[in-house]
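Notes follow once the structure below has been shown.
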Amino acid sequence: MAPSYLGPCLLLLSTTTVVSSRNCLNPDTAQACSDIASLSKIEVRIPRYIQAGDTADLICSYYLDSHNLYSLKWYKGHHEFYRYTPNEKPPVKVFPLTGMKINMTASDHVQVVLESVSTKLTGTYLCEVTVAPTFFALAETANMTVIDFPAEGPVINVERKQFQVGETAHLSCSVQRSSPPSLLSWYINDKPANEIYVSRIFEPGPHSIHGKNLAEDLQSIELSFPVTTSHFDNNKVRLECVATIAGLYWKTADVTLIQEHPKLLPSKDGPVSGVRPICTSQSCLRFNLTMILIIYNFVLYRSPFKQ
């Protein structure tokens, strides 16, 4: 089991000797303080982000000064998975985790090489160096995130692409589930959409997108906003969905909506226009005059002031 640590780098002493900075002037602990200073150089270098399936080099460099290496141990969390003890035969012992593939040929007292890493290997790694004859140990940690990118980029779904001013446009953007999850964002004419119009959802698989059957779960973001005149530029509004992961993955999808103008009913005597044409034909004028006379007589006959 991994020892407990108070910080990213801490010196561990043998169970019989405890040294603090306040008693380094004590002759009985002066040598231990000197050993602490000589062991203060340890560095862990591992990939902060790495794509699933790639090879990860876990490097633990240290400076022993006049000491001898007793052991080097690697932990993921509290689980020890690699130990190098030069005075034992064989010097290397492995206790691999599920899904962990250690390249024994490339691994030694400085580095451990992990092949075909999976998302299960995401976590905190610790290197512990123990020296002889004092059996003091120095350790340091670092984090590694294994990213499983989506197989394809985001896909936008919209029922129609023509909208009138005042209508509400509903769109959804989906991407296959990844580890860690993608960060999905909507942009309207290259400007971030207001969050009040955005909702994020998770859809368990299977799914069918554009005729493709997908067994994977989907991560989706919906956009529902009222269309206004300010959205249209040359009767068009551009909507973009962006999917990103830790600054290493960046894919987009976009769609353009067209402004639809209100449609007027065609008139009997001419093409569609904003105002119906004035009646100018002889028959039309006679008809209108007759209707005016009928209405006039009807009003006059129904008038209460008629004697």
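Miscellaneous remarks
- Long-range HN-HN contacts of ALA52 with modeled amide H, under 5 Å: ILE147, ASP148, PHE149
- Under 18 Å from LYS263, Cα to Cα: aspartates and glutamates that are on another chain or at least 8 residues apart: GLU167
- Among 226-233, 144-151, the order from most to least packed when residues are scored by Cβ within 10 Å on average: 144-151, 226-233
- Debye, to nearest 20: dipole size of the range 103-163, +1 on Lys, Arg Cβ, -1 on Asp, Glu Cβ: 320 debye
- Taking amide H positions as modeled 1.01 Å from N, with prolines and chain starts lacking one, the residues under 5 Å from TYR70 and 5 or more places away or on another chain are THR130, VAL131, ALA132.
- Atom-type composition of the exposed protein surface of the range 84-125 places 53 percent of the accessible area on carbon and sulfur (1.4 angstrom probe).
- For the range 118-182, the spread of Cα positions along the three principal axes, ordered from largest to smallest, is 82, 24, 11 Å.
- For the range 125-176: accessible area per residue (Å², 1.4 Å): 40 Å²
The values are calculated or read from the model by the stated rules, or taken from the named source; none is laboratory data. From a predicted model like this one, the values you see are computed outputs, not experimental measurements. FYI the Cβ positions are ideal-geometry reconstructions off the backbone, even for glycines, and counts take in every protein chain you see. Only protein heavy atoms, including side chains, enter the accessible area calculation; ligands, DNA and RNA are left aside. Shrake-Rupley method; radii C 1.70, N 1.55, O 1.52, S 1.80 Å.
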